[in-house]
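The values are calculated or read from the model by the stated rules, or taken from the named source; none is laboratory data. Bear in mind that the values here come from a model prediction, so they are computed numbers and not experimental data. Cβ sites come from the backbone with ideal geometry, for glycine too, and all protein chains shown count toward neighbours. All accessible areas refer to the heavy atoms of the entire protein, side chains included, with ligands and DNA or RNA removed. Shrake-Rupley method; radii C 1.70, N 1.55, O 1.52, S 1.80 Å.
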Amino acid sequence: MKNEWPLWEVFIRSQHGLAHRHVGSLHAPDAAMAINNARDVYTRRNEGTSIWVVKAVDITASDPDDKQALFDPAQSKVYRHPTFFPMPDEVKGL
Amino acid sequence: MYAQMVDTGSPDNQALDAREARFQQRIDDGIRIEPQDWMPERYRKTLIRQISQHAHSEIVGQLPEGNWITRAPSLKRKAILLAKVQDEAGHGLYLYSAAETLGISRDQMVDDLHTGKAKYSSIFNYPTLTWADVGAIGWLVDGSAIMNQIPLCRCSYGPYARAMIRVCKEEAFHMRQGYDLMLALCRGTPAQKAMAQDALNRWWWPSLMMFGPPDGDSVHSAQSQAWKIKLFTNDELRQKMVDQTVPQAEYLGLTIPDADLKWNAERGHYDYGAIDWDEFYAVVKGNGPCNRERLDTRRQAWDDGAWFREALVAHADKQAQREHARAA
Amino acid sequence: MNTARHDYLLRFGDNALILSQRLAEWCGKGPALEEDMALTNTALDLLGQARLWLSLAAEQAGDGADEDTLAYLRDDRAFRNVLLVEQPNGSYASTLARQFLFDAWSSLALRRLLVSSDAAIAAIAEKAVKEVGYHLRRSSDLMVRLGDGTERSHALLQAALDQVWPYHHELFTGDAVDTEMTAAGIGFDPASLRDDWLAYVREVLAEATLSLPKDSGWRPKGGKQGLHSEHLSKLLAEMQVLPRSHPGARW
């Protein structure tokens, strides 16, 4: 519809030291108001110490049809995980 | 429930094509469907109907309780109610956002509500006549809603499930708030207790109707269950609500207005009397006590706010142009 | 009992309570979902502030009073809020213009109270000043955006501003209570806030392309002393209906 406020994705950092996490979306006429609205919508219960907003249309997402090509190859790399290297119980500090 | 009688579209008579079979397999395997994934058009449309109906219910649902904000009898109760009605707005917002991922705009959904094309829960077309109604809504209506919403946190569509997780986190205690309000009335003066009983008398049956028609009449249930966007049947949830509520009413010293209500040891459930489905369908069709008022209020708020929404867009455009000019 | 201090607490408490009550009337009917939630946050903040002020006033009265007896069992002549906050909401533009003028005053007033010699008052101001800082940021921002929005929004905002403008004078008009509180180091001289307030309002209005309303010579006042407009007793009739019709009941 004409004149609808654009959609923004909202990311909140809950505590210092943690990464911003996607919490939801909202509508706002511009970035500054998106921040204000995010404060009023998504931090009512003390959820945040920092807010990021990104216009939803500006997000580039991977194509779901590429899922196998993108992510399946990682499944065969077991040596990238710590459990791949069993250690003798009696050796400490590893 | 907040989404009643959601049409799932006409099932294809042709055998499911391979893509749809793969889609169903993913759901059966418990893999969430995400916005960019391929999905059958009927799944997408059904979800839009269900999620937007749920969102509209939250938004229209602000009105009956909102009716008592300015008359809340203590400052503490006023703060609780104001925050709660605001929470409903938030829930509407989360749900609209989830529906938007399916390719419909919020304005379009709002328009569908205002033209009567989209529905919202029948329960909000009943009036809140006394302060006790605010308690009854929290206790019975939110209590019923949460029963349906918790399973939806595991539904097949990712954005819907995530919205429900957020809603449930905020809503779980609304029922307690309502019960706490009823408790204060039932421990109060005879007039207060009478107010509580009167509210239960008026809200009991509409609360049971809220789960939607009996399973036998619920034509779209099977498809929705296969898609995992409906996880329990209407009658299952209704029975659960009755079983949960009877002892709570007893504790309050209130009488549930159903002469046929009794414990059935064999079934391990309460039996309850016949529901007046004519009343339910009348309300769904628009002839409940408050259908017209509720929609008129929403339409008027929307129309009155048009200048505000347009002006903020105009200002943002001007600012963007100014920045552009400065940069050039 | 120091009746001046009691009155003083009621003035801050009643301003917050009555304005919160007015804002709460919008809940569920705002012009956009996000805006509805934001305005309700302001209403909730003000309600919280009102409870702190009224509880402190009740504590001082010590006659079994509490925040609720003060909110629900006083008649309009015992309310001490300024006329500005009891004015009906009107359009959303009027609500915003009223809010902007009040926030700008409140933010300055609370900053003065931060250094009050009365520790309990300073403590409330400390909490409230942060909330009001955000309210002011929001109402100023909206004045600018809507003033400099469409022709229609500009006209609506200007008309709303002109309409509520005369009520700002009362915010800066002192009386014997103010004098006594100022002398005791508890409060401040209301007139001393005027220049800063006007400078700020001027700056925002300029950015909003709105004109500062002309002084018509009409300067309604009396709220601080309990002489209100017709609107307050109606507001109270609604707000107080339950405790009044069920004397002694607990909710």
What's the center-to-center distance, using Cα atoms, between the stretch C:235-251 and the stretch B:208-282 in Å? 36
Spin-label model distance (nm) - residue B:303 vs residue B:201, 7 Å beyond Cα toward Cβ: 3.8
Please give the peptides B:59-66, C:213-220, A:87-94 ranked by average Cβ packing (other Cβ atoms within 10 Å per residue), highest first, as a rough proxy for protection. B:59-66, C:213-220, A:87-94
Quick one: buried accessible area between B and A, total over both chains, 1.4 angstrom probe, nearest 100 Å²? 2000
Averaged over the residues of B:189-198, the number of partner chain Cβ atoms within 10 Å of each residue's own Cβ comes to 2
By average Cβ neighbour count within 10 Å, what is the ranking of C:193-201, C:165-173 from highest down? C:165-173, C:193-201
Nearest 0.05, what FRET efficiency do residue B:287 and residue B:261 give at R0 = 35 Å with Cβ-Cβ as r? 0.80
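Looking at the P(r) of the stretch A:7-84, how many percent of alpha-carbon pairs lie beyond 15 Å?
Everything past 15 Å amounts to 65 percent.
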Within a 10 angstrom radius of each residue's Cβ in B:160-173, how many Cβ atoms of other chains show up on average? Whole number is fine. 1
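Determine the calculated [θ] at 222 nm for chain C from helices alone, applying -39500 (n - 2.57) to every DSSP H run no shorter than 4 residues and normalising by the residue count; nearest 500 deg cm²/dmol. Walk me through the numbers on the way to the answer.
Details: 11 runs with 163 residues, N = 251.
That comes out to -21000 deg cm²/dmol.
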Once the Cβ-Cβ distance between residue A:68 and residue A:91 is put in as r, and R0 is 30 Å, what FRET efficiency do you end up with, to the nearest 0.05? 0.15
Looking at the stretch A:1-32, which residues lose a minimum of 20 Å² of accessible area between their chain alone and all protein chains in place, measuring with a 1.4 Å probe and not counting ligands or nucleic acids? A:1, A:3, A:4, A:5, A:7, A:23, A:25, A:27, A:29, A:30
On protein heavy atoms with a 1.4 Å probe, the accessible surface that disappears when C meets B, both sides summed and given to 100 Å², is 4000
Euclidean distance between Cα centres, the stretch C:188-220 to the stretch A:16-33, Å: 35
Take peptide C:145-156, look around each residue's Cβ out to 10 angstrom, count Cβ atoms belonging to other protein chains, and average those counts. 6
Accessible area of the protein assembly as shown divided out per residue, in Å², using a probe of 1.4 angstrom: 43
Binned at 5 Å from zero, the C-alpha pair distances of the stretch C:26-133 give percents of 2, 10, 17, 21, 21, 17, 8, 3, 1
The percentage of the accessible area of the protein assembly as shown (probe 1.4 Å, all protein chains present) made up of carbon and sulfur atoms, to the nearest whole number, is 53
Across the stretch C:4-20, in residue order, what do the Karplus-derived ³J(HN,Hα) couplings come to in whole Hz, using 6.51 cos²θ - 1.76 cosθ + 1.60 with θ = phi - 60° and x for Gly and Pro? 5, 5, 4, 4, 4, 5, 4, 4, 5, x, 5, 4, 5, 5, 5, 5, 4
Between helix A:31-42 and chain A, what is the angle of the helix's C-alpha long axis to the longest principal axis, kept within 0 to 90° and rounded to the nearest 10? 70
With label points built 7 Å along Cα→Cβ from the Cα atoms of residue C:73 and residue C:189, find their separation and express it in nm. 4.0
Treating the angle as unsigned and between 0 and 90°, give the value, to the nearest 10°, between the Cα long axis of helix C:230-239 and the longest Cα principal axis of chain C. 60
Mind listing P(r) for the protein assembly as shown? All alpha-carbon pairs, 10 Å bins, whole percents. 3, 14, 22, 23, 18, 11, 6, 2, 0, 0
Between the alpha carbon centres of the stretch B:41-86 and the stretch C:13-36 the gap in Å comes to 16
Please give me the summed charge of the neighbours of residue C:246: other residues whose Cβ is under 13 Å from its Cβ, Lys and Arg +1, Asp and Glu -1. +3
Go through the stretch C:1-46 and flag every residue whose accessible area shrinks by 40 Å² or more with all protein chains in place compared to the isolated chain (probe 1.4 Å). C:21, C:24, C:27, C:28, C:29, C:31, C:33, C:34, C:37, C:41, C:44
Highest average packing first - B:260-271, C:135-146, B:241-252, Cβ atoms within 10 Å: C:135-146, B:241-252, B:260-271
In Å and from the alpha-carbon atoms only, list the Rg and Dmax of chain B. 21.5, 81
When the helices in chain A are scored as -39500 (n - 2.57) per DSSP H run of 4 or longer and the sum is shared across all residues, what 222 nm value do you end up with, to the nearest 500 deg cm²/dmol? -5000 deg cm²/dmol
Which three extents, in whole angstrom, do the alpha-carbon atoms of the stretch C:113-251 cover along their principal axes, largest first? 53, 40, 32
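Kirkwood hydrodynamic radius of the stretch C:3-245 from all distinct Cα pairs, in Å? Can you show the working numbers first?
On the way: mean 1/r = 0.0551 Å⁻¹.
Result for the stretch C:3-245, one decimal place: 18.1 Å.
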